[in-house]
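Trainee: Have a look at this one before I ask anything.
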Amino acid sequence: MINFKSIKTELFPEYFPEAGDQLRGFENLKDAEISTENFSFYTSVSSVYSSKIEGEEVDLDSYIKHKNLGIEFKPDYTKKIDDLYNAYDFAKKNILSEENLLKAHQILTENILKPHLQGIYRKTKMYVLTDNGQIEYVATSPFEVEREMNQFFIELNVLLTENLEIEEVFFYASLLHLVFVKIHPMNDGNGRLARLLEKWFIAQKLGAKAWFLQSEKMYYQNHQIYYQNIRKLGLEYENLNFNNSLNFILMLPKSLNY
């Protein structure tokens, strides 16, 4: 394993025996029969469920009818999911890099943020709040975001050049997801972008079958556990304990059973 500053690897010996058997199903992934040259069923699944994690009220069946059959719904019902679908499409056609990740953020936040905040690291403080308005997490200081993201991409770029086994790919993909969420570098759309980043990394390392993973659906159907596992690391970025991330990183292999 490669030792990094922000991506912790100490948990791999515990991760490997629990995740290994589940990951054998990766080679069996295949596209849905309903997919066409201009419509991807699994990209729709990813976009809908990643949006639902963030509280969007959208039904998968209705969205597929909209995307595949051209059935019209009110724009407010579909536009944010369309943007995320387009971001996944962009990722499929481009290499994973800082420039392209910021471009994906610009695409997916077209109907979330003002243009001057799209694809731009935040310059303000960032808190994650509970439904009753209590501070649940204090993200990286705005003065440290750029430095933390520079380090993040140094480490990501090393991983992109390394020859990794499938267990390592999934392990690092989950940690990239988790570290990105904890830095919380964007003004909004951090969760959507982190889940896209996770799958994008797997696709870069293992090929296009990664886009058929239903990880977003798995996270949504277990979203209370998903958030509990993210919270286990601590309340402030400066004091996070990544030794508590095992439960989170063991979630991703389970998506092969969906």
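What follows is calculated from the coordinates using simple rules that are stated; it is not laboratory data. Here the structure is a predicted model, which is why all the values come from computation and not from measurement. Cβ placement follows ideal geometry from the backbone for every residue including glycine, while neighbour counts extend to all protein chains displayed.
Trainee: Return the inverse of the average 1/r over all pairs of distinct C-alpha atoms in the stretch 34-157, which is the Kirkwood hydrodynamic radius, in Å to one decimal.
Mentor: Mean inverse Cα-Cα distance, inverted, gives 16.4 Å.
Trainee: Right, another one. Please go through the residue pairs LYS8/LYS254; LYS74/LYS232; LYS93/LYS217; LYS52/LYS125; LYS8/LYS125 and name each one whose alpha carbons sit more than 29 Å apart in this structure.
Mentor: LYS74/LYS232
Trainee: Can you order the peptides 223-229, 187-193 by their average number of other Cβ atoms within 10 Å per residue, highest first?
Mentor: 187-193, 223-229
Trainee: Assuming 0.36 nm per residue, please report the length gained on full extension of the stretch GLU10 to ASP31 beyond their Cα-Cα distance.
Mentor: Here the segment from GLU10 to ASP31 would lengthen by 4.1 nm.
Trainee: Which of ASN100, HIS177, SER35 sits closest to the plus end of the dipole of the chain, meaning its Cα is farthest towards the positive end, when Lys and Arg get +1 and Asp and Glu get -1 on the C-beta?
Mentor: ASN100
Trainee: With +1 assigned to the C-beta of every Lys and Arg and -1 to the C-beta of every Asp and Glu, and no other charges, what is the dipole magnitude of the chain about the Cα centre in debye, to the nearest 20?
Mentor: 280 debye
Trainee: At a Förster distance of 45 Å, what's the computed FRET efficiency of ASN150 paired with ASN257, Cβ-Cβ distance as r, to 0.05?
Mentor: 0.75
Trainee: Would you work out which of GLN134, LEU159, ALA203 lies farthest towards the positive end of the dipole of the stretch 98-245? Charges go on Cβ: Lys and Arg +1, Asp and Glu -1.
Mentor: Among GLN134, LEU159, ALA203, the one farthest towards the positive end of the dipole of the stretch 98-245 is GLN134.
Trainee: Contour minus end-to-end for ASN100 and GLN134, with contour as 0.36 nm per residue of separation and end-to-end as the Cα-Cα distance?
Mentor: Gain in length upon complete extension: 8.8 nm.
Trainee: Which value, in debye to the nearest 20, gives the size of the charge dipole of the stretch 75-143 about its Cα centre, when Lys and Arg are +1 and Asp and Glu are -1 at the Cβ?
Mentor: Dipole about the Cα centre, nearest 20: 220 debye.
Trainee: Which FRET efficiency, nearest 0.05, do ASP21 and LYS92 yield, Cβ-Cβ r, R0 41 Å?
Mentor: My answer for the efficiency is 0.90.
Trainee: Further question: Could you order peptides 45-51, 29-35 by the average number of other Cβ atoms within 10 Å of their residues, highest first?
Mentor: Packing order, densest peptide first, comes out as 45-51, 29-35.
Trainee: Dipole magnitude of the stretch 10-55 about its Cα centre, charges +1 at Lys/Arg Cβ and -1 at Asp/Glu Cβ only, in debye to the nearest 20?
Mentor: Approximately 180 debye in magnitude.
Trainee: While we're looking at this one, here's another question. Evaluate the relative contact order of the chain (contact order divided by residue number), counting alpha-carbon pairs under 8 angstrom at least 6 apart; express in whole percent.
Mentor: RCO, the chain: 27 percent.
Trainee: Which helices pass in the chain if a helix is a full DSSP H run, must span at least 30 angstrom along its long axis by Cα, and must have mean Kyte-Doolittle hydropathy not below -0.5?
Mentor: none
Trainee: When the chain is fully extended, how far beyond the present Cα-Cα distance does ASN244 get from GLU165, taking 0.36 nm per residue of separation?
Mentor: Extra length available between ASN244 and GLU165 comes to 26.1 nm.
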